Amino acid sequence: MENLAFIPSPSSGVVYLGPIPLRGYAFCIIIGVFVAVWLGNKRWVARGGQKGTVADIAVWAVPFGLVGGRLYHVITDYELYFADGKNWVNAFKIWEGGLGIWGAIALGAVGAWIGCRRRGIPLPAWADALAPGIALAQACGRWGNWFNQELYGRATDLPWALKISATDQHPAGTYHPTFLYESLWCVGVALLVIWADRRFGLGHGRAFALYVASYCVGRFWIEYMRVDDAHHVLGLRLNCWTAVIVFIGAVVGMVVSARRHPGVETNVEPAAAGDGVSLDKDPADPADGGDEPVAASGSTKAGAKSPSDAESDGAEASKSS
């Protein structure tokens, strides 16, 4: 019996605005980047950083992340591009899909490290601020797989099944929408990190480690459901093993960080600490960061009036008014 309730797939992943092609996959990634930077900026400012710092460092992190994500995909699925009958030029067609989150995070961290070094900012603090935003960016990016009709699971007749057109590997039918499962899981991961950070004060990279660990849990079971071709090691898909290894690394990193650096950083951006003048401080007092020296006790600065002189001037003014 044909499944009457399902999620339809778009007939094309490209919408043309005149001669300009708007590709759904790229559009979803761009939205994800903006969401990550927007939320990351709010969290960075709340931690004591400056506005715009997140975007400045993202200029380094995002290109590195895209290159890393593509490299991971091409290396782990090399037969799609370098086997007999395949065109290796397609390895550069990132708009057709194919970004590995593991490579994107790894090489994106290198770009972020460069940006942080240039600003004198600790990378773990910046990563903590970005963590939930990255999860939301992944949630947005997964909808690019919907536009490309890729990364779906086993056949199913559930009401939320995804209708897929016929391919060389699978016939047309309804399948588990693993892209949707992962998108919803990433939203949950973002909310978890935000809650845990507020509740426990996760600093020194622990918020980012929590994001990585919790994402890996979801990625393991979602990856296990997928039916697209993939390399297997000891009966498990390669990405399942990657999720397990990265999960262990994230948990170990969280524990080590908590022992070595308890609490939250007090100064995440040195430049921000020197901005502005506190209303509780006297800018003329060197002890409060002022430039002008204070006269010795019992004397006043040249041109200044003592309290008694000020009272006398006040009395004179009241008589004349």
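The values are calculated or read from the model by the stated rules, or taken from the named source; none is laboratory data. Note that the structure is a prediction, hence the values are computed from the model and not measured. Cβ sites come from the backbone with ideal geometry, for glycine too, and all protein chains shown count toward neighbours. With ligands, DNA and RNA removed, areas are computed over all heavy atoms of the protein, side chains included. Shrake-Rupley method; radii C 1.70, N 1.55, O 1.52, S 1.80 Å.
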Taking the criterion of being in contact with a helix residue (DSSP H, G or I) (Cβ under 9 Å, 6 or more places away or on another chain), free of Cβ contacts under 8 Å to residues at least 24 places away in the same chain, of a type outside the set (Gly, Ala, Ser) and open to solvent by less than 30 Å² (accessible area, probe 1.4 Å), would at least one residue in the range 75-84 satisfy it?
yes
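Limited to the range 51-97, what total is found for residues that are under 19 Å from the mean Cα position of the chain (by Cα) and within 21 Å of Phe147 (Cα to Cα)? Spell out how you get there, then give the answer.
The initial filter retains those residues of the range 51-97 that are under 19 Å from the mean Cα position of the chain (by Cα), namely 51-70, 72.
Among the residues that remain, those that are also within 21 Å of Phe147 (Cα to Cα) are: 66, 69-70.
Number satisfying all stated conditions: 3.
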What pairs can you find where one residue is in the range 259-283 and more than 19 Å from Lys42 (Cβ to Cβ), the other is modelled with pLDDT under 50 and among the aliphatic types (A, V, I, L, M), and their Cβ atoms are less than 7 Å apart, with a gap of 6+ or different chains?
Pro283/Val277
Pick from Val256, Val252: which is within 21 Å of Ala106 (Cα to Cα) and either open to solvent by 70 Å² or more (accessible area, probe 1.4 Å) or in contact with a Phe, Trp or Tyr (Cβ under 9 Å, 6 or more places away or on another chain) (or both)?
Val252
Kindly evaluate Ala106 against the criterion of being surrounded by fewer than 18 Cβ atoms within 10 Å (Cβ to Cβ), touching a Gly at 6+ places or on another chain (Cβ under 6 Å) and of a type outside the set (Lys, Arg).
yes
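Any idea how many residues of the range 1-59 are in a loop (DSSP other than H, G, I, E, B) and either in contact (Cβ under 8 Å) with a residue 24 or more places away in the chain or of a type outside the set (D, E, K, R) (or both)?
Counting residues in the range 1-59 that are in a loop (DSSP other than H, G, I, E, B) and either in contact (Cβ under 8 Å) with a residue 24 or more places away in the chain or of a type outside the set (D, E, K, R) (or both) gives 18.
Looking only at the range 202-234, filter to residues that are of a type in the set (Val, Ile, Thr) and in contact (Cβ under 8 Å) with a residue 24 or more places away in the chain; which one of those is surrounded by the most Cβ atoms within 10 Å (Cβ to Cβ)? Spell out how you get there, then give the answer.
Filtering the range 202-234 for residues of a type in the set (Val, Ile, Thr) gives 212, 217, 222, 227, 233.
Filter again for in contact (Cβ under 8 Å) with a residue 24 or more places away in the chain, leaving 212, 217, 222, 227.
Values: Val212: 25, Val217: 14, Ile222: 22, Val227: 15.
Looking at the filtered set, the residue picked out is Val212.
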Heads up, the helices (runs of 4 or more DSSP H) in the range 94-201 (entirely inside) with at least 2 residues that are without any contact (Cβ under 8 Å) to a residue 24 or more places away in the chain are 101-119, 178-200
Which numbered condition Pro293 misses (of (1) in a loop (DSSP other than H, G, I, E, B); (2) modelled with pLDDT of 50 or more; (3) more than 30 Å from Asp77 (Cα to Cα)):
(2)
Total residues in the range 216-244, condition more than 25 Å from Gly203 (Cβ to Cβ), part of a helix (DSSP H, G or I) and not charged (D, E, K, R):
12
